[in-house]
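Input: a single structure, listed below in structure tokens.
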Amino acid sequence: MGNLCCCVQVDQSTVAIREQFGKFDSVLEPGCHCLPWIFGKRVVGHLTLRLQQLDVRCETKTKDNVFVTVVASIQYRPLAGKESDAYYKLTNTRSQIQAYVFDVIRASVPKLNLDDAFVQKNDIAKAVEDELEKAMSAYGFEIVQTLIVDIEPDAHVKQAMNEINAAARMRVAANEKAEAEKIVQIKRAEGEAEAKYLSGLGIARQRQAIVDGLRDSVLGFSVNVPGTTAKDVMDMVLITQYFDTMKEIGASSKSSAVFIPHGPGAVRDIATQIRDGLLQG
């Protein structure tokens, strides 16, 4: 109906290309326009002014001969005032932008090692954007932004990289575990040394207390029983303690058999052995 009434409607964020007898005439802005077809004027096409995005996947290899797939996102739109160039000069805008992206990526990535490619992906994106801006501005397009959204190595390379990282982390964990065990052993040794030191002090005090007790017993017995010597009292005390010890061993359910001399003349030998053992200890 619009064509019959010589009127045409152009939607928002869109322009229409008008020709007259096959020659470019003007660019129609959004709105309603009179189009007298009887004078040879007609709309031959529409061009969107919205920001468009093109995702490009490019396979290439790095300097260390690792094949990777680089995914680039190109955001572009027609330049204001150059809508006719954007419409007429390129037959397939997306394919031609993709060709420039392939050219730049395959010229930049082979100069970098795999690790450097991940680190310097912003530099790759800047190189692509500069080349596209220089080339596409002549065709009426503006490159708004270029992003390297992903770098995908071969699956086997990715697995190897993960294994290298895992091995490095396991090595660090092993070192930390060894250091922890070292600290535990040092602390345990320090504790044992301190325990032995305190045990030695206890034994020394115990022996000192035994000696003091024996001395007091000998002195007290000598005073209360005239005619006895210190040696007699000492023998009697040692024999008494010896038989008390044997009694305790025999009363214990876990003790084994103990053979001792049982003759009456053996008492002097027992006293001599106990006294000599105590003095040597």
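Hey, can you find the accessible area per residue of region 52-153 for me, probe 1.4 Å, expressed in square angstrom?
51
Using a 1.4 angstrom probe, figure out how much accessible area region 7-48 has per residue, in square angstrom, rounded to the nearest whole.
With the other protein chains kept in place, region 7-48 gives 60 Å² per residue.
Among rounded, prolate and oblate, which fits region 32-152 when a ≥ b ≥ c are the square roots of the eigenvalues of its C-alpha gyration tensor, a/c under 1.5 means rounded, and a/b larger than b/c means prolate?
Judged from the Cα gyration tensor, region 32-152 comes out prolate (a/c at least 1.5, a/b above b/c).
Compute the separation of the alpha-carbon centres of region 18-93 and region 145-217 and state it in Å as a whole number.
Using only Cα atoms, the two centres lie 68 Å from each other.
For region 13-23, take each phi angle, set θ = phi - 60°, evaluate the Karplus expression 6.51 cos²θ - 1.76 cosθ + 1.60, and give the result in whole Hz per residue in order, putting x for glycine and proline.
Working through the residues one at a time gives 6, 9, 10, 10, 9, 9, 10, 10, 6, x, 10 Hz.
Given the pairs LYS63/LYS126; LYS82/LYS121; LYS196/LYS247; LYS23/LYS89; LYS158/LYS182; LYS63/LYS134, which are separated by over 25 angstrom at their Cα positions?
Where the Cα-Cα span goes over 25 Å, the pairs concerned are LYS82/LYS121; LYS196/LYS247; LYS158/LYS182; LYS63/LYS134.
The values are calculated or read from the model by the stated rules, or taken from the named source; none is laboratory data. This structure is a prediction, so every number in the text was calculated from the model and none was measured. Only protein heavy atoms, including side chains, enter the accessible area calculation; ligands, DNA and RNA are left aside. Shrake-Rupley method; radii C 1.70, N 1.55, O 1.52, S 1.80 Å.
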